[in-house]
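Student: My structure is below; once you've seen it, I'll send some questions.
The values are calculated or read from the model by the stated rules, or taken from the named source; none is laboratory data. As the structure is a computational prediction, the values presented were derived from the model and not from experiment. Neighbour counts are summed over all protein chains in view; Cβ atoms, including those assigned to glycine, are modelled from backbone coordinates with ideal geometry.
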Amino acid sequence: MPHYDLVIVGTGSGNSILDPRFADRKVAIVEQGTFGGTCLNVGCIPTKMFVHTADLAMAPSAGRRFGVDAELRGVRWRDVRDRIFGRIDPIAEGGREYRREHEDNAGVTVYEGAARFTGHKELTVELAGGPETVTADRFVLAAGGRPVVPDVPGLADVGYHTSDTIMRIDELPRRAVILGGGFIAAEFAHVLGAFGVDVTIVARSDALLRAEDDDISERFTRLATERFDVRLNRRTVRARRTGDGVALDLEGPGGPEAVEGELLLVATGRTPNSDLLEVAVTGVATDDSGHVVVDACQRTGVDGIYALGDISSRHELKHVANHEARVVQHNLLHPDDPIEADHRFVPHAVFTSPQIAAVGLTERDAAARGVRYVTATQDYAGIAYGWAMEDTSGFAKLLADPDTGQLLGAHIIGPQAPTLIQPLVQAMSFGLDARSMARGQYWIHPAMPELVENALLNLPLAA
Ligand SMILES: Cc1cc2nc3c(=O)[nH]c(=O)nc-3n(C[C@H](O)[C@H](O)[C@H](O)COP(=O)(O)OP(=O)(O)OC[C@H]3O[C@@H](n4cnc5c(N)ncnc54)[C@H](O)[C@@H]3O)c2cc1C
Ligand SMILES: NC(=O)c1ccc[n+]([C@@H]2O[C@H](COP(=O)([O-])OP(=O)(O)OC[C@H]3O[C@@H](n4cnc5c(N)ncnc54)[C@H](O)[C@@H]3O)[C@@H](O)[C@H]2O)c1
């Protein structure tokens with residue numbers, strides 16, 4: 001039975017741990033799917049390439065009110081798809097080849113198959129030629145998560161897509177139904193809608209993107225309702241096949257109803273892969289949502305076993321997985337001088353239309369925690385660049401401590417929100433108060449960050 005110094009399960013963020021400093025160690029890396037993991041192959045990167053293309057497809061119709069008459073003559077779906085994966089697939093394959101063949105990785109063995117723990121620090125991998133069992137002093141659990149499919153009668157039989165499959169379809173449907181009202185629903189509704197698909201969104205709660213600050217969620221829900229057929233407060237009773245696709249029978253405030261599409265996208269969250277990896281067999285604990293329990297240094301309760309990314313983090317974000325991979329890398333190299341992960345101010349963005357970004361507390365969080373706070377908002381429509389963009393719906397909302405001016409939360413809905421939020425993430429991370437941030441630097445006029453400057457100046461802080 002081969003024994004390793006280190007075994008890494010998962011080639012998403014886990015793959016970035018290995019660098020020349022590990023050259024003197026005997027290492028194995030295990031992957032059951034496509035090298036590079038979710039973000040590269042079926043997550044952040046292809047979705048944002050589709051989103052950018054969708055934004056371009058929307059531009060002609062947006063031009064009209066600027067006096068620019070342009071027309072969208074069509075979207076060549078297969079060309080879009082093949083351009084995107086024509087770039088991504090070789091990167092995934094290049095990463096695989098690098099680990100398997102390159103002299104830099106002379107000490108690395110790649111196992112391609114599904115792994116599960118079969119004993120204490122003992123892992124069995126289902127290889128094409130049969131199972132192989134390995135042991136190691138140290139493990140990194142970086143096996144991510146997978147889409148959750150709700151237990152709706154008929155769903156398993158009708159044929160549905162998840163984010164794992166929808167980006168590779170051969171033809172765009174005329175009509176699509178999206179089940180779920182979170183990140184993936186918001187992003188794919190935008191992409192499909194921009195490409196001319198009639199989109200119906202079915203959500204069980206009373207708003208889309210419900211985890212956002214209420215003002216953001218309300219604004220997005222209103223805008224989405226103008227663009228898509230949005231069914232809120234709906235329970236999905238049953239899925240059934242129709243002549244040309246799928247129907248969902250729903251129960252809602254108005255009684256029973258049905259929605260139909262040629263394609264159904266299930267976007268109802270993700271679950272960590274700790275169960276399939278059978279981490280309990282090696283003594284690693286999970287919480288009630290299946291996330292591996294780690295301490296601030298990303299160590300599980302079992303000596304020498306670390307975890308990172310979606311398998312252990314409720315954030316389920318690539319920048320968090322990357323940060324945690326850097327922490328694990330340091331702690332593997334310097335076990336006697338470990339560092340902690342910093343989860344204080346984790347931002348996120350939803351790349352839909354309009355774009356959304358946030359960091360820190362929502363107003364709901366602040367109220368629930370009994371934190372003293374003041375808020376301020378600034379509309380894009382009230383800054384010069386917002387006039388240039390004729391924006392009528394975007395705004396920034398800030399929460400701050402009324403006495404110290406320390407920022408507690410920032411929420412933006414509107415063009416370039418993920419870019420605009422970054423200086424606020426920086427201010428929060430380095431403890432810069434709102435007044436110093438607003439007046440201690442120049443803000444380029446008339447650029448979009450004036451949205452942030454004005455939101456900061458609008459905060460009703462103690463004199
Ligand atoms: C559609 C979509 C869009 C997203 N967009 C964004 C975004 O814009 N920004 C952002 O920050 N985040 C985004 N995310 C989330 C982001 O992709 C994840 O947080 C991130 O990829 C997690 O990285 P990871 O290394 O923890 O896991 P993964 O990248 O999922 O890597 C885990 C790897 O482990 C392998 N594996 C699993 N189980 C086993 C096993 N038993 N044996 C062997 N191998 C195994 C898997 O095949 C996989 O390759 C998106 C996710 C999705 C689904
Ligand atoms: N831009 C980004 O950073 C980005 C983009 C896409 C995905 N992601 C990550 O991937 C994760 C998964 O995305 P997601 O959109 O699937 O999850 P999500 O948690 O954002 O949304 C899930 C949605 O499904 C609904 N839902 C859950 N169970 C349901 C059921 N049984 N019936 C009907 N509706 C149900 C929830 O109410 C919610 O609206 C996200 O949490 C996010 O961290 C990030």
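Student: Only one residue in T38, T11, T34, T47 is surrounded by 20 or more Cβ atoms within 10 Å (Cβ to Cβ) and assigned to a loop (DSSP other than H, G, I, E, B), so which one is that?
Tutor: When all the criteria are applied, what remains is T11.
Student: Residue by residue through segment 309-319, note down the ones that are of a type in the set (A, V, I, L, M, F, W, C) and either part of a loop (DSSP other than H, G, I, E, B) or surrounded by fewer than 22 Cβ atoms within 10 Å (Cβ to Cβ) (or both). Full working, then the answer.
Tutor: Let us first name the residues in segment 309-319 that are of a type in the set (A, V, I, L, M, F, W, C), namely 311, 317.
Result: L317, single match.
Student: Out of all the residues in segment 175-192, which are surrounded by 21 or more Cβ atoms within 10 Å (Cβ to Cβ) and among the small types (G, A, S)? Outline the logic, then answer.
Tutor: At the first step, the residues of segment 175-192 found to be surrounded by 21 or more Cβ atoms within 10 Å (Cβ to Cβ) are 176-181, 183-192.
Those that are surrounded by 21 or more Cβ atoms within 10 Å (Cβ to Cβ) and among the small types (G, A, S): A176, G180, G181, A185, A186, A189.
Student: Just one of V302, V281 is assigned to a helix (DSSP H, G or I), among the aliphatic types (A, V, I, L, M) and over 19 Å from the mean Cα position of the chain (by Cα); which is it?
Tutor: V281
Student: Looking at (1) more than 11 Å from ligand 2 (Cβ to nearest atom); (2) farther than 27 Å from P60 by Cβ; (3) not in a loop (DSSP other than H, G, I, E, B), find the lone condition where E226 falls short.
Tutor: (2)
Student: Does at least one position in segment 341-358 carry a residue that is assigned to a loop (DSSP other than H, G, I, E, B) and within 21 Å of D137 (Cα to Cα)?
Tutor: no
Student: Before we move on, is E251 surrounded by 14 or more Cβ atoms within 10 Å (Cβ to Cβ), at pLDDT 95 or above, acidic (D, E) and out of contact with any helix residue (DSSP H, G or I) (no Cβ under 8 Å at 6 or more places or on another chain)?
Tutor: yes
Student: All but one of (1) in contact with a helix residue (DSSP H, G or I) (Cβ under 6 Å, 6 or more places away or on another chain); (2) buried (at least 18 other Cβ atoms within 10 Å of the Cβ); (3) assigned to a loop (DSSP other than H, G, I, E, B) hold for M437; state the number of the condition that does not hold.
Tutor: Unmet condition: (3).
Student: Moving to a separate point now. Taking segment 287-298, which residues are crowded, with 19+ Cβ neighbours inside 10 Å and either farther than 21 Å from D342 by Cα or without any contact (Cβ under 8 Å) to a residue 60 or more places away in the chain (or both)?
Tutor: Selection gives H291, V294, Q298.
Student: Let me ask another. Among the residues of segment 193-215, which ones are surrounded by fewer than 24 Cβ atoms within 10 Å (Cβ to Cβ), farther than 20 Å from E257 by Cα and more than 16 Å from ligand 1 (Cβ to nearest atom)?
Tutor: Of everything in segment 193-215, those that are surrounded by fewer than 24 Cβ atoms within 10 Å (Cβ to Cβ), farther than 20 Å from E257 by Cα and more than 16 Å from ligand 1 (Cβ to nearest atom) turn out to be G193, A194, F195, G196, V197, R210, D214, D215.
Student: What are the residues in segment 113-155 that are small (G, A, S) and assigned to a loop (DSSP other than H, G, I, E, B), if any?
Tutor: Answer for segment 113-155, where residues must be small (G, A, S) and assigned to a loop (DSSP other than H, G, I, E, B): G113, A128, G129, A142, A143, G144, G154.
Student: Looking at E218, is it free of Cβ contacts under 8 Å to residues at least 12 places away in the same chain, under 22 Å from T53 (Cα atoms) and away from ligand 1 (no atom under 16 Å from the Cβ)?
Tutor: Details: free of Cβ contacts under 8 Å to residues at least 12 places away in the same chain: yes; under 22 Å from T53 (Cα atoms): no; away from ligand 1 (no atom under 16 Å from the Cβ): yes.
So E218 fails the test.
Yes/no matrix, rows are residues, columns are (1) in contact with an Asp or Glu (Cβ under 8 Å, 6 or more places away or on another chain); (2) assigned to a strand (DSSP E or B):
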site	(1), (2)
Y385	yes, no
S393	no, no
A396	no, yes
T404	yes, no
L407	yes, yes
H411	yes, yes
